[in-house]
Amino acid sequence: MASTEYVMPQKETEEQSLTKAMDELEMWRNKVEKAETEKSRLLLEKLSAEETKKQAQNETMKLVEQQKKLEEAFEKMNQAKQDSILQLEKSNQVLMQQLQKYEDMLKAKKAEYSSLQQLSKVKADIPETKVTFTGVETEGEDRNYQDIVGVFTITQKPSLHLAGGEALITFEEEKVAENILRLPRCSVAFDNNRMDLSPFKVTLGSSVKFEVHLNVSKRKLRFSNLFPHLPAERMRDHLEIGFSKPSLGGGEVEEVAYNMDTGSGEITFLNTGVAERLALKRKYTLDASQEVHVSVQPSFEYQLKKFQTYCGVSKRTVLLRGIEDVVDEEDLQDHLEIHFQKPSNYGGEVENIKYISRPKSAEAYFSEDTT
């Protein structure tokens, strides 16, 4: 009995061990299946990641290629802009050169215009004339002598442009100027300095001389600034009525001339004195369906006659060039006058002298008796 009791527990232990082993085997089988499943999942994820990576690489390559193309396009565009800028700069330089050229031309034209303007300036010298009173002309007398007639001689003074560092000296005698002009140079002393000046003959530009024959009517009056607001015939009627009023200084009207396009015209009075009286007022008030202020002035005609041009050489005047501003302008002019008055320097009595220091300039005018 004792031996039998001993064997039974051992058999049960083997069965338990087998069951335990089977359970353990099942457990490991499950683990293996799970591991296989996990492996498969990981493999799938790896394949997916590799596919994603490949797609990302392809997209990256595309982006790099696209970026390269954009850089090339940007470089071309930038180069084109640079070329365009260079072209614009060249065009700008050409335009600036042309602008400078035109500015120089304009400056030259202005200088030419200024010179011509100086040449064209005239001076009206109204001569003094002795007159004798012959009597008073009353209204209604012979109208052949009703106009005021005047003749004026207009003479343009010859001129010379005097630049800085130049001087003009006019001597009382021609022979003195001739002696100075024979010298190749004039050596003038200024304190401790000595200056060699070059003498030149003075050649004047062209000048003009003409007569102005002026005829001022004593019966006619010009008016302006009367633009039409009524028919032409009615405007003339209002003009005749308006200028006939003695209360406004008017008088009997003989004729009315009116230009509707310019708003101007001419009134002819029957008697003398009315036109002269109204012309002095410069303004006249008319009632032409409304109050109008017109401008009035004398009626005159003129003719230019005996037009002459002439040019010449100032025989008593010498032009000196090459003067340096070693002292002030006034002192230098005094030194020049003292030097050229001395007979030892081939000089003589100085009638007039003018020196212009740098950088100034001036226009010298000559009267007719010195040319």
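The values are calculated or read from the model by the stated rules, or taken from the named source; none is laboratory data. None of the values given here were measured: they were computed from a predicted structure. For neighbour counting, all protein chains shown are included, and Cβ atoms are generated from backbone atoms with ideal geometry for every residue, glycine included. The accessibility values were calculated without ligands, DNA or RNA, using every heavy atom of the protein model including side chains. Shrake-Rupley method; radii C 1.70, N 1.55, O 1.52, S 1.80 Å.
Details
- Debye log10 I(q)/I(0) at q = 0.16, 0.20 Å⁻¹ for segment 199-288, Cα point scatterers: -0.65, -0.93
- Exceedance of the 18 Å cut-off in Cα-Cα distance is limited, within the set 109/157; 209/305; 201/315, to 109/157.
- Share of carbon and sulfur in the accessible heavy-atom surface of segment 27-86 [1.4 Å probe, %]: 59 percent
- Net charge over other residues, Cβ less than 11 angstrom from the Cβ of residue 110 (K, R count +1; D, E count -1): -1
- Per residue, the solvent-accessible area of segment 8-89 (1.4 Å probe, heavy atoms of protein chains only, all protein chains present) comes to 95 Å².
- ³J(HN,Hα), Karplus 6.51/-1.76/1.60, whole Hz, each residue of segment 24-36, x for Gly, Pro: 5, 5, 4, 5, 5, 4, 4, 5, 4, 4, 4, 5, 4
- Amide proton proximity set for residue 154, modelled H, under 5 Å, gap of 5+: 210, 211, 212
- The phi torsions of segment 213-221, fed into the Karplus equation with coefficients 6.51, -1.76 and 1.60 and a -60° offset, translate into couplings of 9, 10, 10, 9, 6, 8, 10, 10, 9 Hz, rounded to whole numbers, with Gly and Pro shown as x.
- Note on residue 218: lysines with a C-alpha under 20 Å away, same-chain residues under 8 apart excluded, are 245, 281, 283.
- Computed helical MRE - 222 nm, the chain, DSSP H runs ≥ 4 contributing -39500 (n - 2.57), nearest 500: -15500 deg cm²/dmol
- The trypsin sites (Lys or Arg not before Pro) of segment 228-317 meeting both criteria, a DSSP state outside H, G, I, E and B (loop) and at most 16 other C-beta atoms within 10 angstrom of the site's C-beta, are 281, 282.
- Heavy-atom surface of segment 268-371, accessible at 1.4 Å and reported per residue (Å²): 61 Å²
- Heavy-atom surface of segment 176-238, accessible at 1.4 Å and reported per residue (Å²): 54 Å²
- Shape box of the chain [Cα atoms, principal axes, largest first, Å]: 201, 85, 33
- Percent accessible area from carbon and sulfur atoms, segment 150-245, protein chains only, probe 1.4 Å: 47 percent
- Calculated on the alpha-carbon coordinates, the convex hull of segment 249-339 measures out at 338 cubic angstrom per residue.
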